[in-house]
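In what follows, a structure is listed as C-alpha cells, so that the remarks can point back to it.
The values are calculated or read from the model by the stated rules, or taken from the named source; none is laboratory data. Note that the coordinates shown come from a computational prediction; the quantities given were computed from them, not determined experimentally. Quick reminder, even Gly has a Cβ in these numbers, built from the backbone with ideal geometry, and neighbours come from all protein chains shown.
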Amino acid sequence: MFKLTTSIVLLFLTLCLLESADSKKNTFAIQWPVGVCRGANKPTSKCNIPKINTWTIHGLWPSTRKTPFNIDPLLSIRKKLDALWPDVTSNNNPRFWSHEWVNHGVYYNHMLEYFKKNLKLIEDYQLFQILQRGGITPSNTKTYTLAQVNKAVFRKVDKKVNVRCADNNNKLLQEIRICLDDQYTATVDCDGTSNCNPDKLTTFILYLVLTLCLLETSYGQNTFAIQWPVGVCKSANKQTSQCNIPRRNTWTIHGLWPPVTKTPTSVAFSVNPLATIRAQLNALWPDVTGNKNPGFWSHEWGKHGVYYQFKTQNQLLEFFTTNLNLINGYQLYTVLQRGGITPSNTKTYTLAQVNSAVSGAVRANVNVRCANNNLNVLQEIRVCFDAQYTTTVNCGGKSNCGAQVYYYAS
C-alpha cells in the first residue's frame, strides 16, 4: 500500500506553485499552511501560520475583463482574510490577494463578492475536521495513504478532488483542490491526476506537521507587544549566543499593532527617515533570532504600522518613535522585579503571579504569551491602549501559557 507523508494537502500559495484551474472548471484550492511552509523549505517559525488546526485559502480559480486590485473594498472583511487567507511563506497578505485577483478573480463578477465567496467556501469545507473524521490527524511520525486522503474528502465533497504535493518534493502533501459548477453551489469531479509520486511514497513519508505559531493579532485594539529576548531565542530552539540579545535585563519591542479600521498608508518602508532614532531602534527593537533589524522593522511596518492613525506627514518616523516612547514607558524588567519575579534558569513562576505584577503596574489586564513550542517559556507581554496611546485598556484574548512559566535568564 502506498503511503504519503502526512503533511496535509496544502493549498499552497507560493508563486512557484503552478496555479492551474482544473480544466474548464471552477477550482477552489485549500492549503495546509505547515505543508506550504515545508514545501518552501522553511521552518514554521519563519512562516505566517494562522491559528492551529486551520486550513487556509489558496484561491478560487474561475474557468474563464481586467480590474486592478484595490484593498479598500475589502476593509469590512480584512480580519477574516488575514486569518483565513494568509501569505504563508512571505507574510505579505495583500500582495497574495492581489496576485490571486489578477490571475483568477478578475474573471469573477465583483471584487468584494469574489473574496466573500472564498471565505464562504473555506467555511463550507473545513478540511481539518473532514480529514479528522476519516482518521487523519497531524502527526510527525504516522503516515497515511493517498487513497485514505481521497476517501476522507470524498465523503464530504461526494466528488473527485485533486490532491497536490509540493513541487520540489512529490512526497510532501500540500494542497487539495475542490471543483465547483458555474454557480459555485455544487461540487463536480475534478479533472487531472495527483502529482504525488506513488512509487516513492512508501520510502519517503509525508508528514502532517502541526505547529503552533505566534499569531500577531490586535483583537481590534491598539496592542503593544513587548518581548523577552531570551524567551524569543529559546522558542526558536537557539542558544542565546546564537541570537541578537541586547543589553542585559532589557525587554524589547515586538511591535505596535493598531486595529484595521482604515485604508493603509501607501508609504513604503525605508530606514532613511529613521536615521535620527536608528541607534535606539537597534537597542530596543532588535531582530532577536535573525539579526536583521531593518527586515524586522519592515515586516512590522507593512503588516501593522500602515494602519496607524498618523498625525504628522513624517509617518515612518512618527510610528517608530511612538514604539520607542511606549517601550521606555513600560519597563517590564523593573515591573516584574518589583513583583518578586526575576530571570532564572531553574525557578518557575505562576501565570497568576506574572499577570498580577504587570496588570497592577499598567492598571489594565494584559495578555501574557509563551513560546508556541513550549507553553511554559515566557516570551511576550501585550499591553493594550486607547486610540491616543495615552491610557491602557483591558486586552482581549487569552494567554496561551501554562500554569507555571520559566522566565529564563539565559
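Give me the residue from the stretch 77-126 that is under 16 Å from ASN26 (Cβ atoms) and part of a loop (DSSP other than H, G, I, E, B) and, out of that set, farthest from the chain's Cα centre (by Cα). The selected residue is ASN109. Could you tell me whether SER63 is at pLDDT below 85 and under 14 Å from the mean Cα position of the chain (by Cα)? Spelling it out, it is not the case that SER63 is at pLDDT below 85 and under 14 Å from the mean Cα position of the chain (by Cα). Evaluation of TRP297 against the conditions (1) touching a helix residue (DSSP H, G or I) at 6+ places or on another chain (Cβ under 6 Å); (2) under 30 Å from ALA409 (Cβ atoms) shows that the sole unmet condition is (1). In the stretch 273-331, the qualifying residues are those that are of a type in the set (Asp, Glu) and at pLDDT below 95, and the one that is surrounded by the fewest Cβ atoms within 10 Å (Cβ to Cβ) is ASP287.
The set of residues in the stretch 235-279 that are among the aromatic types (Phe, Trp, Tyr) and either touching a His at 6+ places or on another chain (Cβ under 7 Å) or under 18 Å from ILE381 (Cα atoms) (or both) comprises TRP251, TRP257.
Filtering the stretch 234-256 down to residues that are of a type in the set (D, E, K, R) and under 23 Å from the mean Cα position of the chain (by Cα), which residue is surrounded by the most Cβ atoms within 10 Å (Cβ to Cβ)? That would be LYS234.
Exactly one residue among LEU214, LEU256 is at pLDDT below 80 and among the aliphatic types (A, V, I, L, M), and that residue is LEU214.
Table: residues versus (1) of a type in the set (Gly, Ala, Ser); (2) closer than 27 Å to VAL149 by Cα; (3) touching a Cys at 6+ places or on another chain (Cβ under 8 Å).
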residue: ASN91; (1), (2), (3): no, no, yes
residue: PRO94; (1), (2), (3): no, no, no
residue: TYR108; (1), (2), (3): no, no, no
residue: PHE128; (1), (2), (3): no, yes, no
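Mind listing whichever residues of the stretch 32-47 are closer than 22 Å to LYS120 by Cα and part of a loop (DSSP other than H, G, I, E, B)? Once the filter is applied, which keeps residues that are closer than 22 Å to LYS120 by Cα and part of a loop (DSSP other than H, G, I, E, B), the stretch 32-47 yields only TRP32.
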